[in-house]
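Trainee: I have a structure I would like to understand better, so I am pasting it below and will then ask my questions one at a time.
The values are calculated or read from the model by the stated rules, or taken from the named source; none is laboratory data. Worth saying up front: this structure is predicted, and the values here are computed from it rather than measured. Quick reminder, even Gly has a Cβ in these numbers, built from the backbone with ideal geometry, and neighbours come from all protein chains shown. Areas reflect the complete protein model, heavy atoms only, side chains present, ligands, DNA and RNA absent. Shrake-Rupley method; radii C 1.70, N 1.55, O 1.52, S 1.80 Å.
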Amino acid sequence: MNRRMLGILTGSTSAFAAVALLASMTAPAGAAVPRIPPNFDSSVMHGNEAEDAIAVNPANPSNIVTMATLPDVVSGLFEGVSFNGGKTWTRQVIGTAAPLGEICCDQQLAWDRFGNLWMTYLVNTNGNVLVAVSTDGGLTFSKVAEIVPTTPTGSKAPSGATPKRLRPPSNNPNILGDQPSISAGPNSVWVSYTSFPSTVVQAFGASVTGLGTFGSFSAPESVPTSNGRGDFGDTAVGPDGQVMVTYQDQTNGQGGAHIYTAVDANGLQPGGFADPRLLARSRVGGFDFIPAQPDRSVDAEANLAWDHSSGPHNGRVYAVWTQETPNESDNMDIMFQFSDNNGATWSPAVRLNDDHTVNSQFNPAIAVDQATGDVAVSWYDCRNDLGMGGPGDTDGIPNDDAQIWATFSTNGGAGFAPNFQVSAGTSNAPDTGSFFDYGDYTHAAFQSHLFYPAWSDNSNSTGQNPDGALHQLDLFTAKVVIP
Ligand SMILES: [Ca+2]
Ligand SMILES: [Ca+2]
Ligand SMILES: [Ca+2]
Ligand SMILES: [Ca+2]
């Protein structure tokens, strides 16, 4: 019924009208727009913290862990650990040497139901894809896997494909994994990544049976037909252990991309991924430059979240991605779809950002609350930067200042709440003095009605940024209570 409703609403109305109508279904007229939640400066650290990861402990939703790449230093990640929902933090830099390795970048996090916090990352010294696990709420990590990306026979690099990792590995700059992502299901954990130079999407996983109890990681398997045209992917694990990856086929340039999903229906059992299915056609390329990310650029940043909550939408998988309308207009929007049949068919794409501007929304993050089945999405949003001053504009230039906005659905994605502002301040990536801008992605975590978006912020809205005067980025989050 929900999918039929979506079809009707999107069939004959503009995307905006559809979203506005959908929003009105879940928000009675006069419903209060959520107030901006208190913002937490998680990093309070010199230099820029960008490209952020966050996870929340299913067993203790006040235990959150944040991580950021450090583009200004040779190696290491910022890590913040909170046991009180972000009020106070244990802060450290990890991965500057053994045993985790000299971490370069591309860290992502996933917390499983047993309490294991999984992390994937890349190092400066080789092109491998690594996995570490924490069993103490994020305070310490142990390296548990180091996978060597493989190259299928007959592979050929597409013209102009360039790894987008922060820096190439020192020993083999031409053979490497890039853009890894990680996801935990009920009884397994999976990582997918792009293997360069063939730009094939590969995935590997392990069974998980308890806190600190898990099997060996599998050898990487390649997604059929992704060879030569897969990058900027994401990973999700379903309730029955099935695994989905998503990726875009345009690995460079600004022109646009097809976004695909592919499923390994039985996960860790023998048998690999089926042929990919087309999810959407985006006009966002692999390196699509916008005023808010003028040096780093953005990709379509397709991301997945799979409901294994045992609730009414158990088994539904959600996808978000970035559209640009028209091409090279910098009018980026956040699109949303879902599937009830492992990606065989998808609901029509609806636009989640409900602004009336032609400004950029980019780097979407999606998370399912596995306690309730609710779904929430956050993103960087330039809607309030018309270049005319005011709280959304730091410099009189339109569309280059970003805030964080979000929305949520309590009915499986049939309707969404009106968008609400999460960041108290307004950030400007060109002011950071860093080529990395906010990085390639951000993340959000959602557990037991608590939604924690993570983002990079140089507004210094909390007054704690040690480089506030230099407009360098700190890693922020906020605790958003979803009713
Ligand atoms: Ca484009
Ligand atoms: Ca837009
Ligand atoms: Ca501006
Ligand atoms: Ca900083």
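Trainee: Can you pull out every residue in the range 363-389 that is under 20 Å from N39 (Cα atoms) and either within 16 Å of ligand 2 (Cβ to nearest atom) or outside any strand (DSSP E or B) (or both)?
Mentor: Scanning the range 363-389 gives N363, P364, V377, S378, W379, Y380, D381, C382, R383, N384.
Trainee: Taking the residues in the range 149-190 that are in contact (Cβ under 8 Å) with a residue 60 or more places away in the chain and aliphatic (A, V, I, L, M) as candidates, determine which candidate is surrounded by the fewest Cβ atoms within 10 Å (Cβ to Cβ).
Mentor: A157
Trainee: A further question on this structure: Working only within the range 329-355, note down all residues that are within 16 Å of ligand 1 (Cβ to nearest atom) and on the phi > 0 side of the Ramachandran plot.
Mentor: Hit for the range 329-355 is D330, nothing else.
Trainee: Here are some residues: P398, P430. Which one is open to solvent by 20 Å² or more (accessible area, probe 1.4 Å), outside any loop (DSSP other than H, G, I, E, B) and either touching a residue at least 24 places away in the same chain (Cβ under 8 Å) or more than 16 Å from ligand 2 (Cβ to nearest atom) (or both)? First the steps, then the outcome.
Mentor: Details: P398 fails: outside any loop (DSSP other than H, G, I, E, B).
Checking each option against the conditions leaves just P430.
Trainee: Within the range 176-204, track down each residue that is assigned to a loop (DSSP other than H, G, I, E, B) and over 16 Å from T251 (Cα atoms).
Mentor: G185, P186, N187
Trainee: Against the definition (open to solvent by 40 Å² or more (accessible area, probe 1.4 Å) and within 16 Å of ligand 1 (Cβ to nearest atom)), how does P312 come out, yes or no?
Mentor: Numbers: open to solvent by 40 Å² or more (accessible area, probe 1.4 Å): yes; within 16 Å of ligand 1 (Cβ to nearest atom): no.
So P312 does not fit the description; no.
Trainee: State all residues of the range 316-338 that are more than 18 Å from D234 (Cβ to Cβ) and open to solvent by less than 30 Å² (accessible area, probe 1.4 Å); if no residue qualifies, say none.
Mentor: E324, N331, D333
Trainee: Here's a follow-up. Run H449 past the list (1) open to solvent by 10 Å² or more (accessible area, probe 1.4 Å); (2) in contact (Cβ under 8 Å) with a residue 60 or more places away in the chain; (3) within 13 Å of ligand 4 (Cβ to nearest atom); (4) not charged (D, E, K, R) and report the number of the one that doesn't hold.
Mentor: Evaluating H449 over (1) open to solvent by 10 Å² or more (accessible area, probe 1.4 Å); (2) in contact (Cβ under 8 Å) with a residue 60 or more places away in the chain; (3) within 13 Å of ligand 4 (Cβ to nearest atom); (4) not charged (D, E, K, R) leaves (3) as the failure.
Trainee: Within the group N342, N384, which residue is within 20 Å of A280 (Cα to Cα), open to solvent by 40 Å² or more (accessible area, probe 1.4 Å) and touching a residue at least 12 places away in the same chain (Cβ under 8 Å)? Even if it seems obvious, please write down each step before you answer.
Mentor: Details: N384 fails: within 20 Å of A280 (Cα to Cα).
Residue meeting the stated conditions: N342.
Trainee: Any residue at all in the range 214-225 that is within 25 Å of F78 (Cβ to Cβ) and among the polar types (S, T, N, Q)?
Mentor: Within the range 214-225, the first condition is being within 25 Å of F78 (Cβ to Cβ), and the residues that meet it are none.
No, the conditions are met nowhere in the range 214-225.
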